[in-house]
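Only one structure is covered here, and it is reproduced in the block below.
The values are calculated or read from the model by the stated rules, or taken from the named source; none is laboratory data. Predicted model only: the values in this text are computed from it and were never measured. Cβ: placed from backbone, ideal geometry, glycine included. Neighbour counts: every protein chain shown. Side chains included, ligands, DNA and RNA excluded: accessible areas come from the protein's heavy atoms. Shrake-Rupley method; radii C 1.70, N 1.55, O 1.52, S 1.80 Å.
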Amino acid sequence: MSAAPTVSVIMPAYNGAAWIGATIDSVLAQDFTDWEMVIVDDCSTDDTRALLATLTDPRITVLHAEMNGGPVVARNIGFAAARGRYIAGLDQDDLCKPGRFAAQVAYLEANPGSVLVATAAELLENGHATPWPGDRPLTPATIDWLILTQNPLVWSTVMFRAEAARLLDPFERPQVRYAEDFDLYHRLSRFGRIARLDEAHLLYRCHPGGASKKFAETMAASAARVLSERYQPLFGDESQGNAELVVRYFMQRDPAPDLETLGRLSRILAALHADHVARTPLTAQERIEVDGEHARLWWLVARPALRQGAVTMREAMAVLPESVHLPANDPDRLISPLIGRVRAIGRGFGVAL
């Protein structure tokens with residue numbers, strides 16, 4: 001057997017004949033060449049298996065699942081066969097840019113305290129690449145805070161240390177299907193910091209067959225389970241209910257329907273922030289970053305409620321946590337309540353706005 005490679009790419013494959021060839025080509029085009037790729041065909045019924053049979057690069061291993069078990073089971077099979085020091089996630093329909101592996105390996109080798117590094121990504125739809133909506137620089141301190149309410153990383157961009165992942169049993173948990181990546185980040189964070197490179201090293205393909213569109217309800221339930229487990233020491237019996245609210249209003253971005261809901265979300269966010277800053281060593285700059293994201297998250301749920309006319313600005317400010325400091329002179333703080341007032345007047349006259 002050849003020497004173990006630096007990077008092992010694990011990829012489940014299921015009925016992906018339309019996309020998987022280009023995905024494999026994007027790995028073959030990497031500037032960094034010391035990798036292996038473990039593809040697990042999950043009992044495809046299209047031409048995927050025939051396409052995989054044509055691959056000749058010795059760095060690529062194709063395994064065949066005995067029965068269709070879904071991407072979590074397929075990734076667990078692939079992870080068990082992986083030999084690399086670092087594991088790279090990649091789905092069958094996403095495209096790596098040529099410098100991805102080199103940049104991530106360099107980061108992990110220069111930062112031994114980091115267990116995982118992701119990258120920014122661009123959306124690829126109808127052949128056109130566009131920036132990820134709302135993307136901004138993310139530091140390890142910011143990510144550590146954000147994963148308490150949302151998933152800030154794209155799975156197909158991540159690379160992590162195999163030695164840490166092998167301490168997990170199982171590697172990915174089948175009981176949190178479609179939020180297994182979110183779950184993995186929480187479980188890996190016990191072994192080191194999670195970082196992200198702000199340069200986009202991946203094209204995330206948008207198409208109707210994507211799991212995020214087909215299984216949104218299961219994904220939400222699984223994400224709530226992940227957060228409920230994380231919340232248990234802080235919220236106790238209220239963990240599940242609080243997690244479900246966070247998923248609905250912070251992750252899925254539903255507008256809060258009334259002041260009571262906005263008030264509860266504000267209290268949850270304030271409690272998470274107070275607990276996080278109390279138990280997490282933060283530099284002065286990191287505390288500024290976390291506090292800024294705390295304010296941004298509160299406005300994320302307050303803004304749509306204001307724009308829907310569900311609450312007034314006076315009501316929203318009454319439930320604003322003391323720990324939230326909104327930026328002064330933000331025109332959106334004036335515009336959003338006005339939009340909500342107009343919509344409320346329109347509803348009074350039976351007009352939908």
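Below are the figures for this structure:
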read-out: Residue identified as surrounded by fewer than 20 Cβ atoms within 10 Å (Cβ to Cβ) and hydrophobic (A, V, I, L, M, F, W, C) among A164, A195; value: A164
read-out: Top-ranked residue in segment 238-286 [being in contact (Cβ under 8 Å) with a residue 40 or more places away in the chain, assigned to a helix (DSSP H, G or I) and of a type in the set (D, E, K, R); ranked as most open to solvent (accessible area, probe 1.4 Å)]; value: R267
read-out: Residue list for segment 49-89, filter: in contact with a helix residue (DSSP H, G or I) (Cβ under 7 Å, 6 or more places away or on another chain) and loosely packed, with under 14 Cβ neighbours inside 10 Å; value: D57
read-out: In segment 198-250, the residues that are of a type in the set (G, A, S) and modelled with pLDDT of 95 or more; value: A200, A220, A221, S222, A223, A224, S228, G236, S239, G241, A243
read-out: Filtered residues of segment 20-48 (kept if buried (at least 19 other Cβ atoms within 10 Å of the Cβ) and farther than 19 Å from V73 by Cβ); value: T23, I24, V27, Q30, W35, E36
read-out: Out of A141, A200, A221, sole residue that is under 29 Å from P281 (Cβ atoms) and either part of a loop (DSSP other than H, G, I, E, B) or of a type outside the set (D, E, K, R) (or both); value: A141
read-out: Residue in segment 170-182 that is farther than 19 Å from V73 by Cα, touching a residue at least 60 places away in the same chain (Cβ under 8 Å) and not acidic (D, E) present; value: no
read-out: Selected residue (criterion: nearest to V246 (Cα to Cα)) from residues of segment 124-149 that are open to solvent by 10 Å² or more (accessible area, probe 1.4 Å) and more than 15 Å from the chain's Cα centre (by Cα); value: P131
read-out: Candidate set from segment 293-321 (those that are open to solvent by less than 40 Å² (accessible area, probe 1.4 Å) and among the small types (G, A, S)); member that is nearest to P137 (Cα to Cα); value: A295
read-out: Filter result (of a type in the set (S, T, N, Q) and under 29 Å from the mean Cα position of the chain (by Cα)) within segment 46-68; value: T48, T61, N68
read-out: The lone exception for A17 - which of (1) more than 28 Å from D169 (Cα to Cα); (2) surrounded by fewer than 14 Cβ atoms within 10 Å (Cβ to Cβ) it fails; value: (2)
